[in-house]
Structures are given as C-alpha cells and as structure tokens.
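Below is one structure, written out as structure tokens; comments come after it.
None of the figures in this text is laboratory data; all of them are computed from the coordinates on show. Just so it is clear, the model here is predicted, and its values are computed rather than measured. Virtual Cβ from ideal backbone geometry, glycine too; neighbours counted across all protein chains shown.
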Amino acid sequence: MSGAPFTVSIGEVVGPLDLILTLIEERKMLVSDVSLSKIADDFIQFVKSRDTFPSGEAAHFILVAATLLLIKSRSLLPVLSLTNEEEGDIHDLEKRLALYKIFRDASRVLGTLKERMYFGGLKRDTTPVFSPGSDMNTESLFRAANDVLMRSPKIEKKKEISVKTVISLEDMMNRLSHRIERALSVTFKDFVGTPEDKREIVVGFLAVLELVKRGLLLVDQEKHYSDITINYAGNTAPPRYD
Amino acid sequence: MSLPTNHQQLETSLEALLFYKGEPVKIRDLAASLHASESDIQNALSSLGTALEGRGIRLVREGEYAGLATAPETKSLIDAVRKEELEGPLGKAGLETLAIILYHGPLSKTDIEYIRGVNSSSILRSLLIRGLVEKTEHPSDKRSFLYRGTPELPASLGISSLSDAPDFEKIKAEIQNILDERPAPTEETHE
Amino acid sequence: MSLPTNHQQLETSLEALLFYKGEPVKIRDLAASLHASESDIQNALSSLGTALEGRGIRLVREGEYAGLATAPETKSLIDAVRKEELEGPLGKAGLETLAIILYHGPLSKTDIEYIRGVNSSSILRSLLIRGLVEKTEHPSDKRSFLYRGTPELPASLGISSLSDAPDFEKIKAEIQNILDERPAPTEETHE
C-alpha cells in the first residue's frame, strides 16, 4: 500500500457500505468512480486490520473490497476491459451505495428525534378476573414452551454459522507470489484456472494488480479481451506459455 | 377562554401525565412531578375538567386524588369489550408467554422478550387482565417488575403445583441456559 | 347496551374505548366493538384527531391501527415518572435498519441485507423485541416474512403517523428513483 498506513479512526463500522461512505466523507468527496478508486486501499487496510468479524461478516467485506479494486484497476489501466459480469458487479455496488446512502442519511435524522408519545400501556383500571383460555392445558403449554425453545437465539445462532466462505485477499496474493516465483511468467487465465466462484477470478486479478503496483510484476495485454501475460519484474526475458 | 401559555402548558402536561398513569394520582404527587404548586394543580384540574366535559375521557376528582377515566355513559361498551378480552382462547403468543412464565417465573419482561424474540407488552397485559399472571416487585430493582403465575393457575391446569407441569425441570433448565448465554447488553442505560 | 346514535356519541365511545385499551387497536376491531362501519370509524377518528390537537393526549393513526398516546412534547415529563426500564439508544445499525423498514417497508430480510451489505438477523431481533418492527407474512410466499413498522413505531418517534417522518415523501421518491433507473437487484444469497 502506498502512503502512510491508514489509521483506523472510524468509530462503529456497521458494514462494508457504511465503511465506504465513511471513507469518502472523510475525504469530503462525493460517491463516484474516482472517489471509490481512491478509498480502495484504505478499505482493504481496514479489513486487514480488523482481526475479528462476526461470523460470516468478513466475506461481505472482502467481496466489496474485490469490487472496489476492480474499479481502481479500471481507472489505473484504461485499456483494461471488464467482462459483463465485472461491469455488473461495479454497477451493482454503485446502485447499492446510492440506495444505502439514502437510508444512512435518514437514520441520522431519526437519531436526532427527541420526542416520543407513550400509550397508556399496562396500567388501565382493570382489576384482574381469573379467566383461563379454552386452549389452555398442560399439554398445549408444554408444546408452546418447546416451540419457544426451538426458536431461541441459541438455535438461530447455530443456523447462521454455515456461511459461505470466500477466499481472502491475502491468500490470493500469497498464492500468486509463489506461482510467479516458480514459473516466472504465467498468463492470467493459467493463474486463476477455472474457479467455481467467478469472484475468485476478480480477486485473483486484483491481487495481480496489487503486485504490479508493488513493482513485483509486469503485466502485458496485447489487445482488448486477450489474455494478460504476467511477468516477474526481475526477469528480462520471460518464457511464454502460450 | 384563552389562558396564558404556561397555564395551557400545565394543563397539557397534567392531561398527559394522568393519561399515562391510568389510575388516580395524589394532587401532591402531581404538583411534585410537574414542579407546580398544589393550588396551580387545582386550577389546572378545574380547567381540564371543563375541557373534558362531554368527551369520552373524563376527569375524576376524589378527595386528594385525581385521575382520568372513561365517560360513565360508555360503561356498557367498556364492560362488553372487557368481557370479550376475558373470553376466548389465549392463542399462540399467549400460550408461549404463559408457558415461559409457568416454567421459569418469576422473570422480567426483558427476559421474556429475549426468549420470545418479540415485544410482549400487549400479551402480558392480556394475561394480567385474565388473572393468569401477576406482577411482583423485582427483589433487586424497585423500578421493575417480575411476572409469575397467579395462585389460581395450577388448579386451572389440573396440577397441584406448577412444578408438576410436564418436563418442568428440563424446560426450566433449557430456558435458564438461553438466558445465561445472552450476550451482555452493549449500550443499555438503565437511567 | 346503548349504541352510539350519532357522530358525537360515536366519537365519545371511540375515545373511551381507545383510552381503555391503552394500545393501538385495529380499525376493524373498533368497528366491531362499536357496531359501526369502518368508514364511520375513520370519520370519527378524523374528528377525534382534530379535537385532540394541542391537548395532552393525541391520536396516533398508522395503517389499520389507531390509538391514544401522550403528546410528544411531554416526553421528558413522562420519562421522569416511568417505572419501566429505560431502553438504551438504538445505535447506528439499529437506526439504519429501522430507517430502511420505515421508508421502504414492508420488505424481506434478504432485501434489508442487500441494502445494508451485512447480516441483519440480530439487529432485526432487537428491533422486534423493542416492539418497533414486526414480521408479517409474505403475500406471495407463505414460508417467508416481511418486516414492517409496528403500530407503536410512529409514537416512539414522536409522530402521529409514519407519513409524518422527516422527508417521508421525498425519501420514498428518491428510493424509487434509484430502483427505477438501475436494474433490479439480482438474487443475492447472504446465508
């Protein structure tokens, strides 16, 4: 990462979109491709700096990070042509940000509302009269107790654990480094292979870009949509695979 | 008659307070809550009483107490609605709430709502009116209440004690387990 | 039981009944209890709402519910006499989720999570427990739920109806604008 390390001065981050808007606000910018590409590094830095995410939350942050890097890479490499799916991811993120911003702004206004109206509640003139219900017996109450226990927070928590895990940025970058060192030159297609999740391609691509930025790799694309050749920066005449 | 603003404000506050309390309140306590003199309260009460003439809610003054109540001419309506509330099945939400209190009472509204995952004010009110549960003072917090079954409850279920309910110990322990595993409240302010 | 024979009597009975209930009541149930048509009830509610303007008790009307509540400006007074535990602040995530449901509900958990970009199970649970939102059956899918504001939600924000929420129409229009100009959200699975 370039520049001074991003210091986490952000208070309570409630999600990846909230983090993006907070970072953009800190720079007094508006939401745009330019501002999104500018905050990509800080976003990733934040995700890396945070050791613990609630179960499954990290995946949401990493997917958004991947899209941010895509936006950034597009601005750094204008020749880069994105697939329809990638364009769709960017478009989707922009739309979600626009929508989310409305609610985030509205919630701040709601937070300032200080008035409140109270209903009478439990204290009307109602002397209790013992009146059991027709559906009330030990059996129905026993079933009701079991229903409640079935829905209890403990059980719900167990259900939530099976969240799809997505490969981490760090993993992907490490994998790339090793492979480059071995082969010196690979093409992008060779590198990513045919992963089941197309987002892995995105993450892989972004990892390449990150390493280019760090001066470890050289990339070459002969024409739009053709494969990208990746070269180890220290080697002058890398062999080609294709 | 247009009263000066502060008189009008006092009357508004008085009406809101009596409405919220829902039961007769001592004039002395009203004066204390509203930071006004007892004679100011007496004046505001007279003015409120006049404003409520002919309405569905009336002012009732009895010795050193004042309160709001439904208009006398609506008595048959209110009696009929009350009768309706006392009849009929408890329904799923009612049974669930009663079951939690049966197996794990006395416990607080907060605990009941945590276990059920939904606000239970209205259901608790209905169980109170039906005389199935009652409020008891929280031993360590005088500002809150605990809910427990009424003395009539076991007999109406055909058991001599609540602990004779099916699987009493097991279910009680499971409920306790849920409460024990509750994450600590984050920004809770209890005043 | 004497039935209300004219508008004034209906309004009086309505006011008494709402006072007695102490919580929002369905218009349909009011009509049944008062032996009147729903449109008569609607008219009587409008007239009652006008009569209560500037008073200490106000009418709250939201969707198919109506109820009486204390005037918003008396909040600090009522807070001072409340015996129930005070609830902590909602926090950023709670307010955000509430805003989504308030301005864009009823909507599914999946849609809420799509907008927020994070799992929202526990925050929804706490809003349910606070009685600010409720689950309602999905009209086209009986196995899933939609979340919407409760009849108590407006009062908890100090407003008589959700449409009185800050910039309600403007924000709804902005949301629609974004949804219209961009393709509908693709099927996202967060869990």
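How would segment C:1-117 be classified by its alpha-carbon gyration tensor: rounded, prolate or oblate, with rounded meaning a/c under 1.5 and the a/b versus b/c comparison settling the rest?
oblate
Under 8 Å for C-alpha pairs, at least 6 residues apart: give me the relative contact order for segment B:7-72, rounded to a whole percent.
The value is 37 percent.
So what's the Cα pair-distance distribution over segment C:89-181, bin width 10 Å, in %?
16, 49, 33, 3
Working from the alpha-carbon coordinates of segment B:7-72, get Rg over Rh, Rh being the Kirkwood radius.
0.92
Nearest 10 degrees, 0 to 90: what angle lies between the long axis of helix B:38-51 and the longest principal axis of chain B (Cα atoms)?
Roughly 90 degrees between the two axes.
Karplus couplings for segment A:25-35 from phi (6.51 cos²θ - 1.76 cosθ + 1.60, θ = phi - 60°), rounded to Hz, Gly and Pro as x?
Using θ = phi - 60°, the values come out as 4, 4, 8, 6, 10, 9, 5, 7, 4, 5, 5 Hz.
If the label for residue C:29 sits 7 angstrom from Cα along the Cα-to-Cβ line, what are its distances to the same label in every other copy, in nm to one decimal, shortest first?
Label-point distances to the other copies, shortest first: 2.8 nm.
Over chain C, what is the mean sequence separation of C-alpha contacts under 8 Å (at least six apart), divided by residue count, expressed as relative contact order in percent?
18
Would you work out the charge dipole size for segment C:7-72 about its Cα centre, treating the Cβ of every Lys and Arg as +1 and the Cβ of every Asp and Glu as -1, and quote it to the nearest 20 debye?
It works out to roughly 140 debye.
Placing the label point 7 Å from Cα along the Cα-to-Cβ direction, what are the distances from residue C:168 to the equivalent spots in the other copies, shortest first, in nm to one decimal?
5.1
Which of the peptides A:22-35, A:62-75 is most tightly packed, and how do the rest follow, judged by the mean count of other Cβ atoms within 10 Å per residue?
A:62-75, A:22-35
For chain B, find the longest principal axis of its Cα atoms and tell me its angle to the long axis of helix B:91-104, 0 to 90°, nearest 10.
70
Show the residues, 5+ positions off or on another chain, whose built amide H is closer than 5 Å to the amide H of residue C:107.
C:147
Placing +1 at every Lys and Arg Cβ and -1 at every Asp and Glu Cβ, with all other atoms neutral, what dipole size does segment C:1-155 have around its Cα centre, in debye to the nearest 20?
380
Would you kindly work out, in nm and rounded to one decimal, the distances from the label point of residue C:7 to those of the same position in each other copy, ordered shortest first, with label points 7 Å along Cα-to-Cβ?
Nearest first, the other copies' label points are 3.1 nm away.
Relative to the longest principal axis of chain C, what angle (0 to 90°, nearest 10) does the C-alpha long axis of helix C:7-21 take?
60
For peptide B:117-127, how many partner chain Cβ atoms fall within 10 Å of a residue's Cβ, on average?
6
Need the full-extension length gain, residue C:172 to residue C:82, defined as separation in residues times 0.36 nm minus the C-alpha distance. One decimal, nm.
That works out to 28.9 nm of additional length.
Calculate the mean, over all residues of peptide C:29-35, of how many other protein chain Cβ atoms lie within 10 angstrom of the residue's Cβ.
2
Averaged over its residues, how many other protein chain Cβ atoms are within 10 Å of peptide C:56-65's Cβ atoms?
Whole-number average of other-chain Cβ neighbours for C:56-65 is 3.
Please go through the residue pairs C:26/C:109; C:135/C:172; A:28/C:172; B:21/B:142; B:109/B:142 and name each one whose alpha carbons sit more than 19 Å apart in this structure.
Beyond 19 Å between Cα atoms: C:26/C:109; C:135/C:172; A:28/C:172.
For a quick check: with amide H placed at 1.01 Å from N, whose amide H comes under 5 Å from residue B:133's, ignoring anything fewer than 5 positions away on the same chain?
B:128, B:150
Show me, for segment B:60-76, the HN-Hα J-couplings you get by feeding each phi into the Karplus relation (A = 6.51, B = -1.76, C = 1.60, θ = phi - 60°), rounded to Hz, glycine and proline as x.
Values, residue by residue: 10, 10, 9, x, 8, 10, 9, x, 9, 8, 5, 4, x, 6, 9, 4, 5 Hz.
How large is ³J(HN,Hα) for each residue in segment B:133-145, as worked out from phi by the Karplus curve 6.51 cos²θ - 1.76 cosθ + 1.60 (θ = phi - 60°), to whole Hz, x for Gly and Pro?
10, 9, 8, 9, 5, 5, x, 10, 9, 5, 7, 10, 10
Collect residues whose amide H, placed 1.01 Å from N in the peptide plane, falls under 5 Å from the amide H of residue B:25; neighbours closer than 5 in sequence don't count.
Under 5 Å from the amide H of residue B:25 lie the amide H atoms of B:66, B:67, each far enough along the sequence or on another chain.
Any idea how far apart residue C:28 and residue A:32 come out in nm if each label point goes 7 Å out from Cα toward Cβ?
Each label point is offset 7 Å from its Cα along the Cβ direction, giving 5.3 nm.
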